[in-house]
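Participant: Structure incoming, see below.
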Amino acid sequence: MKLVFAGTPEVAVPALDALIASGRHEVAAVVTRPDAPAGRGRRLVASPVAERAEEAGIEVLKPARPRDEDFLARLREIAPDCCPVVAYGALLPRTALDVPARGWVNLHFSLLPAWRGAAPVQHAVMAGDEVTGASTFLIEEGLDSGPVYGVLTEEVRPTDTSGDLLTRLAFAGAGLLAATMDGIEDGTLHAVPQPDSGITLAPKITVEDAQVQWSAPALRVDRVVRGCTPAPGAWTLFRGERLKLIQAVPVLDRTDLAPGELSAAKNNVHVGTGSHAIELLWVQPQGKKPMRAADWARGVRIVPGELVGI
């Protein structure tokens, strides 16, 4: 088939690579979000998908909005058979959905209908799911509600951050998306409607969502830290400034600290929660680089009984 691939961040690159390498389909063009400011200088930088497509000599389309008539005209001119999508980042209007004869097929990082929305992996980690996965489905105008072509499962490991899990799903999902394109082309794969039960939503995790509530049980705090790593980053307040929590683990044999109470020893820093303590391993003070929590604690000279979160 002639394909137009839509995607933007690094997590979409393995799928693009898999389609390019398949040799069975032609990736005629790539659709991605416009260049965005990045770094200290805030200079405009192309998306990871745009950079990979340019390396491969593939035409790159960067519409400000996918309903722009110039973009739609070029899409019609290319006349793709199908448009595979991975984390494109913009809603597709009906005028765009109607262009490819076999539709737009999305690789979504959950077992649909669970975790429909922008942050399925983060929500799976924060909810304590033991198993998640990826699905390919035909895009409709509803939110991740289209019929499903294929799925794969992936264990959520006890120490997984959302970044760890998403990386594994990106590579496993790349193979699923390529296989889905093959099955659509040869007529052996047919989309099956999603069930009406088991629907959960995964809206974007905000900075406010990532603030740790120390009155929650240690297990919940651990899930929030892992689910919000690397983005947007779990955090708390210390002496009126934001302290990012990069890595932490529950300490199941310590229950003597009040929620948010700090305890610093030579080689560890513990914080009380609503149940057991949490050991902070890596933190990032506001305006500084990431550092070991024990080094941070020595530098700030924590007072006995001092609290975070206030």
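The values are calculated or read from the model by the stated rules, or taken from the named source; none is laboratory data. Everything quoted here is computed from the prediction, not taken from an experiment. Note: ideal-geometry Cβ built from the backbone for every residue, glycine included; neighbour counts use all protein chains shown. Heads up: the accessible areas ignore ligands, DNA and RNA and are worked out on the full protein's heavy atoms, side chains in. Shrake-Rupley method; radii C 1.70, N 1.55, O 1.52, S 1.80 Å.
Participant: Please verify whether segment 291-299 includes one or more residues that are touching a helix residue (DSSP H, G or I) at 6+ places or on another chain (Cβ under 7 Å) and either touching a residue at least 40 places away in the same chain (Cβ under 8 Å) or of a type in the set (A, V, I, L, M) (or both).
Facilitator: No: zero hits.
Participant: Give segment 69-95 a look and list any residue that's β-branched (V, I, T), open to solvent by less than 50 Å² (accessible area, probe 1.4 Å) and touching a helix residue (DSSP H, G or I) at 6+ places or on another chain (Cβ under 7 Å), or say none. Lay out the reasoning, then the answer.
Facilitator: Here is the first cut: in segment 69-95, the residues β-branched (V, I, T) are 78, 85-86, 95.
Cutting the leftovers down to open to solvent by less than 50 Å² (accessible area, probe 1.4 Å) gives us 78, 85-86.
Result: V86, single match.
Participant: Report yes if some residue within segment 222-244 is surrounded by fewer than 20 Cβ atoms within 10 Å (Cβ to Cβ), in contact with a strand residue (DSSP E or B) (Cβ under 8 Å, 6 or more places away or on another chain) and touching a residue at least 60 places away in the same chain (Cβ under 8 Å); otherwise report no.
Facilitator: Yes, that holds for at least one residue.
Participant: Then there is this: Given the options A96, A46, A87, name the one that is small (G, A, S) and touching a residue at least 40 places away in the same chain (Cβ under 8 Å).
Facilitator: Step by step, each of A96, A46, A87 is checked, and only A87 is small (G, A, S) and touching a residue at least 40 places away in the same chain (Cβ under 8 Å).
Participant: Please give the strands (runs of 3 or more DSSP E) falling wholly within segment 1-94 in which 1 or more residues are in contact with a Leu (Cβ under 6 Å, 6 or more places away or on another chain) and under 20 Å from F171 (Cα atoms).
Facilitator: Answer list for segment 1-94: 2-7, 26-31, 83-86.
Participant: Name, by its number, the condition in (1) touching a strand residue (DSSP E or B) at 6+ places or on another chain (Cβ under 6 Å); (2) open to solvent by less than 20 Å² (accessible area, probe 1.4 Å); (3) in a loop (DSSP other than H, G, I, E, B) that does not hold for G133.
Facilitator: So the condition that G133 fails would be (3).
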